[in-house]
Amino acid sequence: MNKKFFIANVILLTIVIALFEGVSHTIIKAKIGDYDLATQGGTTMTPSFYQVWEHPAGYKSWSGKTEFNNYGLRDRDDLTQEKPDNTVRIFFMGGSAAFGSQAMPGSMYLKLSGQGEYSNEETITYYLEEKLKAKYPEKNFEVINAATNWSRLHQQMLHYLRKLRTMEPDLVISMDAYNDSSPIHLKNTYADAEMLGQQELFGNLKHKISPIFQVSHTAYFMAMMIFRTGESFEPDMTLVEKYAAIKAPDNMDEQIGKARIEMEEQLQTNVHEYMSAMKNFDSVLDNDNVPHMFYLQPLTILDTYKEPTQIEDAIRGYQYDTLNEGQYLRLNFYSDIEFEANKLKDEGVLEFESMIDVFKGVKDVVYSDYCHFTPKGNELLAEYFLKEIEEKHPDLLQ
């Protein structure tokens, strides 16, 4: 009797599990289309043997807004290694701002801006490609989002060398510097970056238990309900009003100067590593005869040129309210990079532009936090890059 009862329960449990698996699979497929469970069960960033981490090919976010192609690049269309005829292929590189990330999840910035995940069709690369196609219909354009969240400039160079250089690029654009200015005590060696990746990216609970999600549709479905990023929402206006009233400290310039002295060694390390990476990447691209441009990405706290909205005032106010060594280091880093890179630009050996004043005169909300942009901000940046291409590389448009 006990044996029959046990067998019956095993059969029943098997049926229940199969039912849950089938229902979960149906729901997931209806939500995101065809998918590979082993890929979907992981995270949006996976370990990489050449640049520490990268985005997985074929991954789709639960919302369907973010999708990676066959090369792990943020695009819904797969790429061919060989460039199609009459096509201008532009690779856009950088960190999360270039990639098109939302306001930092779980942060005060998200409460202030309400900017959740947005789609592939609201990124700088998508807008730029559409603008190029509309203005130059006789040409075909592929503006490819080759940015990687958390990426530093030397990792972009590795990304290019390992994956992009054989894909016949006509232009490489890099927009970055925020990650390179990070106040970490480690240097930019592969081993140190790998350690940072293991601690910050792959040491979280979601990644540790992801093997469960990769073998069960039901587990993956439950994980997406628990860990989902969420949609955009209305900002918390009580918090917006509170932080919008906070202004820069009267002694901020003094504190920046003091931090320069106190953190001189770290500052010089970060500046030296970034400038070395830029010069090395420049040499690699020159050697490949690939036109390229390096851009210092805008930061909310440095953008005194834009007429801020109340939300942007609140974002900046929160930064003023939480000023720390890291932010002072970043302010000094940006100042030094502008000076060093502009010097090379004036000597005619580097294509470089600072974008600190890129939103001058704009009245829309373009910042969603300290360095990420709203879809409107991305569209305006696409217009800026269109003008840059027309001015500096008109031959690509003929």
Fully extended contour minus Cα-Cα distance, from residue 182 to residue 342, at 0.36 nm per residue = 55.5 nm
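For 15, 301, what's the fewest-to-most ordering of other Cβ within 10 Å of each Cβ? Write down the numbers at each step before the final one.
Values: 15 10, 301 19.
Least to most surrounded, the residues fall as 15, 301.
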message = Under 10 Å, Cα contacts only: if you run a Gaussian network model on the chain, which one of 57, 177, 18 comes out with the highest mean-square fluctuation?
response = 18
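Hey, what did the chain get for relative contact order, percent, Cα under 8 Å, at least 6 apart? Write down the numbers at each step before the final one.
Numbers: 630 pairs, mean separation 85.4, N = 398.
This gives 21 percent for the chain.
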inquiry  = Can you tell me the orientation of helix 325-346 relative to the chain, as the angle in degrees between its alpha-carbon axis and the longest Cα principal axis, to the nearest 10?
reply    = 60 degrees
message = Nearest 10 degrees is fine. How inclined is helix 310-321 to the longest principal axis of the chain, computing both from alpha carbons?
response = 80 degrees
query = From the square roots a ≥ b ≥ c of the eigenvalues of the alpha-carbon gyration tensor of region 215-320, which class results: rounded (a/c under 1.5), prolate (a/b over b/c), or oblate?
reply = oblate
note = Whole-Hz Karplus couplings 3J(HN,Hα) for region 167-178, θ = phi - 60° and coefficients 6.51, -1.76, 1.60, Gly and Pro as x, run 9, 6, x, 9, 7, 10, 10, 10, 10, 6, 2, 4
query = Length gain on complete extension for the stretch residue 395 to residue 107, per 0.36 nm per residue less the alpha carbon to alpha carbon distance?
reply = 99.3 nm
query = Residue by residue through region 210-218, which ³J(HN,Hα) values in whole Hz follow from phi under the Karplus form 6.51 cos²θ - 1.76 cosθ + 1.60 (θ = phi - 60°), with glycine and proline marked x?
reply = 4, x, 5, 5, 7, 10, 9, 4, 5
About the Cα centre, charge dipole magnitude for region 262-398 (Lys/Arg +1, Asp/Glu -1 at Cβ), debye = 320 debye
Where trypsin sites (Lys or Arg not before Pro) fall in DSSP loop in region 309-398, at most 14 other Cβ within 10 Å = 360, 363
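Classify region 290-393 as rounded, prolate or oblate, taking a ≥ b ≥ c as the square roots of the eigenvalues of its Cα gyration tensor: rounded when a/c is under 1.5, otherwise prolate if a/b is larger than b/c and oblate if not. Mind dumping the intermediate values first?
Numbers: a/c = 2.69, a/b = 1.32, b/c = 2.03.
The shape class here is oblate.
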message = I need 35, 274, 50, 295 ordered by Cβ neighbour count within 10 Å, fewest first.
response = 50, 35, 295, 274
task = Compute the long axis of helix 375-392 from its Cα atoms, compare it with the longest principal axis of the Cα atoms of the chain, and write down the angle in degrees, 0 to 90, nearest 10.
result = 50 degrees
inquiry  = Compute, for the chain, the length of the dipole vector about the Cα centre, with Cβ point charges of +1 (Lys, Arg) and -1 (Asp, Glu) only. Units Debye, rounded to 20.
reply    = 1800 debye
request  = Arrange 261, 337, 27 by Cβ neighbour counts within 10 Å, fewest through most, would you?
outcome  = 261, 27, 337
ask   = Say R0 is 35 Å: what FRET efficiency, to the nearest 0.05, do residue 245 and residue 335 get from their beta-carbon distance?
value = 0.80
ask   = How much FRET efficiency would the formula 1/(1 + (r/R0)^6) give for residue 30 and residue 207, where r is the Cβ-Cβ distance and R0 is 30 Å, rounded to 0.05?
value = 0.70
task = Work out the charge dipole of region 109-246 with +1 on the Cβ of Lys and Arg and -1 on the Cβ of Asp and Glu about the Cα centre, then indicate which of 156, 216, 246 is farthest towards its positive end.
result = 216
ask   = Under 5 Å between amide H atoms, partner at least 5 residues away or on a different chain: which partners does residue 141 have, H built in plane at 1.01 Å?
value = 88
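Counting only DSSP beta bridges with both residues in the chain, tell me the antiparallel percent, nearest 5.
Working: 6 of 25 bridges.
Antiparallel bridges make up about 25 percent of those DSSP assigns within the chain.
Within the set of other residues whose C-beta is less than 13 Å from the C-beta of residue 103, count the net charge using Lys and Arg as +1 and Asp and Glu as -1. Kindly include the intermediate steps, with their values, before the conclusion.
Values: positive: 111; negative: 117, 231, 236, 312, 369.
Around residue 103, the surrounding residues sum to -4.
What is the gain in length, in nm to one decimal, between residue 287 and residue 21 on full extension, counting 0.36 nm per residue of separation less the C-alpha to C-alpha distance? Can you show the working numbers first?
Values: separation 266, 0.36 × 266 = 95.76 nm, distance 5.25 nm.
Between residue 287 and residue 21, full extension yields 90.5 nm more.
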ask   = Taking the chain as a Gaussian network, Cα atoms linked when under 10 Å apart, which of 120, 378, 287 shows the biggest mean-square fluctuation?
value = 287
message = Could you tell me which residue out of 304, 115, 349 lies farthest along the dipole of the chain toward its positive end? Charges go on the beta carbon: Lys and Arg +1, Asp and Glu -1, centred on the Cα centre.
response = 115
note = Reviewing [x] 31, 28, 22; [y] 53, 19, 18; [z] 38, 27, 21, the figure for semi-axes √(5λ) of the Cα gyration tensor in Å actually calculated from this model sits under [z]
task = Using amide H atoms built 1.01 Å from N in the peptide plane, name the residues 5+ places from residue 292, or on other chains, whose amide H lies under 5 Å from its own.
result = 172
query = So what J values fall out for region 103-113 if you push phi through Karplus, 6.51 cos²θ - 1.76 cosθ + 1.60 with θ = phi - 60°, rounded to Hz, Gly and Pro as x?
reply = 4, 3, x, x, 9, 4, 4, 5, 5, 7, 9
query = Comparing 148, 238, 87, which has the greatest mean-square fluctuation in the GNM of the chain with Cα pairs linked when under 10 Å apart?
reply = 238
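Which whole-number percent is the relative contact order of region 240-398 (Cα, under 8 Å, 6+ apart)? Before the final figure, lay out the partial values.
Working: 163 pairs, mean separation 51.7, N = 159.
The normalised contact order for region 240-398 reaches 33 percent.
We did not get these values from a lab; they are worked out from the coordinates using the rules stated. Everything numeric in this text was worked out from a predicted model, so none of it was measured. Quick reminder, even Gly has a Cβ in these numbers, built from the backbone with ideal geometry, and neighbours come from all protein chains shown.
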